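The values are calculated or read from the model by the stated rules, or taken from the named source; none is laboratory data. Values in this document were obtained by computation on a predicted structure and should not be read as measured data. Glycine also receives a Cβ, built like all others from the backbone with ideal geometry; neighbour counts cover every protein chain displayed. Areas reflect the complete protein model, heavy atoms only, side chains present, ligands, DNA and RNA absent. Shrake-Rupley method; radii C 1.70, N 1.55, O 1.52, S 1.80 Å.
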Amino acid sequence: MRAISFLQKSRCLVILFLGILSSCNQAEEKTANNNTDEYSTQGSRILKNKQAIQLIGTNSFQVFSANDQTMKSWNMDIAREFIGNVLEQPLTGIPIKDSNNSFLHSLQSVVDGNRKNNRITILCGFGWNGKTETEFTGKSPTQTFWWEAYKEKLKEWALHFKDQPDVWLEVWNEPYRFDRADGYTDIVWKNDMNTLVRIIRSTGNNSIVIVPCAEQGQDESVLLQKGAVFLEKNPKIIFDIHAYEKWLLDSDASISNRLDQLKKQKLPIIFGETAPMNAGILMNPTYFLNSIYQRGFSVCAWVWKYDSSDQDALLTAEGLPNDKNNNNWGTTFKNLAALPRTP
């Protein structure tokens, strides 16, 4: 009788687990198809339901721990999600353990958590298999050994999220070397970015696509030279610039002039990363942040992380603004996010 009772209990537990899993998947699917907001661009403006918006948000690691509720209290409009193991990253379902012994939450669960808190999600590949040598920074995309396989993954993501307009795919993180020593030219950028955007559009995905600029994301000159032409054949694009030492160590007058030049080109832009520490140099982002805010540019901080030993982390382990040896980075960005949006 004890054996029969154990089997019955086990069967009930299995049925209960399958029922919960099915309910989660159904809820995931329902949430995914329940967003009707429309996002577009017009000149330099980002539009939501034809109204101009300014977005202030953060880069985050929610593939490792989905649905961070503290982010809501900081008034984050957008989360640019780090995907460090594109190869093994699940699209849906329960978390998996990858070959690096990390638990990865599905992209859909990350999106759902952001959506419940009215945040747009940018999904961006940062690495092919979670190894340092395959990070998507400082490399020419077509020269990587995973180029063909990555294009297939990008197509899968585009197909899955094609009816979820609050999910924006970024085609690469930080392409090409900072010194252009990899044979980079603006034509190479144009061809590579066109290829990646076409892959997304071939699936019927008509949502916003994020396209990074050159020199590991920090050089905007390619946008001044090729951005307008690129947009002629590729609507609903937002260009991503990363503002580290090539911006933050520049003079205040030069920063203002560069931002004004971008405005004159009428290009839709988001500063997808900025932070006080990069390449071992401590910088002060305050003037830059004030300047882009006043001009209506959107920005994401690097990085939403609970670790006061990391000078770029926005939070301490206790969830307070991290102001340790970083020019008060946590408080500075939290105060920025609390301001009214001025598109």
Could you sort T134, T185 by accessible area so the largest value comes first, with the probe set to 1.4 Å?
-> T185, T134
Rounded to a whole number of µm²/s, how large is the Stokes-Einstein D of region 200-242 at 20 °C and 1.002 mPa s, given Rh as the Kirkwood radius over C-alpha pairs?
-> 194 µm²/s
Expressed in nm to one decimal, what extension gain is obtained for the pair E88 and D163 from 0.36 nm per residue of sequence separation less their Cα-Cα distance?
-> 24.7 nm
To the nearest 500 deg cm²/dmol, what mean residue ellipticity at 222 nm is calculated for the chain from DSSP H runs of n ≥ 4 alone, each contributing -39,500 (n - 2.57), summed and divided by the residues?
-> -11000 deg cm²/dmol
Would you mind computing Rg(Cα) / (2.2 N^0.38 Å) for region 106-176, counting N as its residues?
-> 1.19
What does the charge dipole of the chain about its Cα centre add up to, to the nearest 20 debye, if the Cβ of each Lys and Arg holds +1 and the Cβ of each Asp and Glu holds -1?
-> 1020 debye
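What does the C-alpha gyration tensor say about the overall shape of region 62-141? Classify as rounded when a/c is under 1.5, otherwise prolate if a/b is larger than b/c, or oblate.
Because a/c hits 1.5 or more and a/b fails to exceed b/c, region 62-141 counts as oblate.
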Simple spin-label model, 7 Å along Cα-to-Cβ: D179 to N327 in nm?
-> 2.5 nm
Springs between alpha-carbon atoms under 10 Å, Gaussian network over the chain: tell me which of I281, I208, I199 tops the mean-square fluctuations.
-> I281
Using only alpha carbons, build the gyration tensor for the chain and give me the equivalent ellipsoid semi-axes, biggest first, whole Å.
-> 35, 23, 20
If you place +1 on the Cβ of every Lys and Arg and -1 on the Cβ of every Asp and Glu, how big does the dipole about the Cα centre of region 172-327 come out, in debye to the nearest 20?
-> 820 debye
Within a Gaussian network of the chain (alpha carbon springs, distance under 10 Å), most fluctuating of D179, D192, D166 | D179
Which lysines does K324 reach when only Cα atoms under 25 Å apart count, and residues fewer than 8 places away in its own chain are ignored?
-> K72, K246, K305, K334
Determine the principal axes of the Cα atoms in region 165-266, then give the extent along each, sorted from largest to smallest and rounded to whole angstroms.
-> 44, 29, 23
Averaged per residue, what accessible surface does region 141-273 expose to a 1.4 Å probe, in Å²?
-> 39 Å²
Got a sec? What order do K266, K334, K151 fall in by accessible area at 1.4 Å, biggest, i.e. largest, first?
-> K266, K334, K151
Charge tally for neighbours of D68 with beta carbon under 12 Å away, counting Lys, Arg as +1 and Asp, Glu as -1, is +3
From largest to smallest, what semi-axes in whole angstrom does region 240-343 give when each is the square root of 5 times an eigenvalue of its alpha carbon gyration tensor?
-> 24, 15, 11
Mean projected area, convex hull of alpha-carbon positions in region 226-270, reported to one decimal in nm², is 3.3 nm²
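As a test of reading the structure, rank R80, R258, R201 by solvent-accessible area (1.4 Å probe, protein chains only), most first.
R201, R258, R80
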Using a 1.4 Å probe, how large is the accessible area of R295, given in Å² and rounded to the nearest 10?
-> 50 Å²
Give the long-range amide H neighbours of G138: residues separated by 5 or more places, or on another chain, with amide H under 5 Å away, using H modelled in the peptide plane at 1.01 Å from N.
-> E174, Y176, Q216
If one takes the longest principal axis of the Cα atoms in the chain, at what angle in degrees, from 0 to 90 and to the nearest 10, does the Cα axis of helix 2-32 lie?
-> 30 degrees
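Contact order normalised by length for the chain, with contacts defined as Cα pairs under 8 Å and 6 or more residues apart; what percent is it?
Numbers: 655 pairs, mean separation 56.8, N = 343.
17 percent.
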Report the extension gain between Q143 and D250 in nm, rounded to one decimal, defined as 0.36 nm multiplied by the number of residues separating them, less their alpha carbon distance.
-> 35.4 nm
Can you give the accessible area of F61 in Å² (nearest 10), computed on protein heavy atoms with a 1.4 Å probe?
-> 60 Å²
Relative compactness, region 138-209, computed as alpha-carbon Rg over 2.2 N^0.38 Å = 1.16
